[in-house]
Each structure stands twice: as C-alpha cells, then as structure tokens.
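Structure record follows, encoded as structure tokens.
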Amino acid sequence: SPNGRDMRYETTIGDSKKDNIQLKAQTSEKDYVHFRETRDKTLSAPRLLLPSIQVNIDAGHLPPKEDNGTAYLKLPLNIKVSKANL
C-alpha cells in the first residue's frame, strides 16, 4: 500500500483535491514549485523511463526485430544507472 494507505483504483475530483498532499487550495504557485523542485532532487529517474520512451515514441510499437528474430529495447551506455534500477 502506498505510504500506508489502502490501494484505490478510482477517485473523485473532490477526493483528489481534499487528499492531495502536494497541492492544497491555499498553496501558491511559488510554494508548489519549491515543493516539487526540492522533492524531485531526491528522486532517481524512473526505472523504466528509457524503455518506455523507446516504445511510446513509436506509438506503442516494439522496435523492429533483429536478424535473430528478437526485438530489443536498447540502453545507452553513457547514462548513469544505479544497481537498484537494474
């Protein structure tokens, strides 16, 4: 469960507004931007970011198959990847 909350698959706009920890009715744009930038600095890139870009950039189609008949998602070698993201 996310942060001790029950998992939910649906919500209402009212519940989303009421329960949003990042953006309350009184939150200014400046405060929201500060909150996001501060929090985002502590986060790693999503583990599946690069594979999802490779698929989504081509409208959900997998890359063409190689000569051996297998399609591969390719990871650039010039990026920093932590062991936790493998």
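The values are calculated or read from the model by the stated rules, or taken from the named source; none is laboratory data. In this text the structure is predicted, and so the values were computed from the model without any measurement.
The figures follow:
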| read-out | value |
| --- | --- |
| Of all residues making up the range 4-25, the number that are of a type in the set (S, T, N, Q) and closer than 24 Å to Asp40 by Cα | 3 |
| Residues satisfying the stated conditions in the range 60-86, i.e. more than 15 Å from Leu48 (Cα to Cα) and either modelled with pLDDT under 65 or of a type outside the set (Ser, Thr, Tyr) (or both) | His61, Pro63, Pro64, Lys65, Glu66, Asp67, Asn68, Gly69, Ala71, Leu77, Asn78 |
| Condition check for Ile57: outside the structural domain of Asn20 (by TED's automatic domain parsing) and either under 15 Å from the mean Cα position of the chain (by Cα) or modelled with pLDDT of 90 or more (or both) | yes |
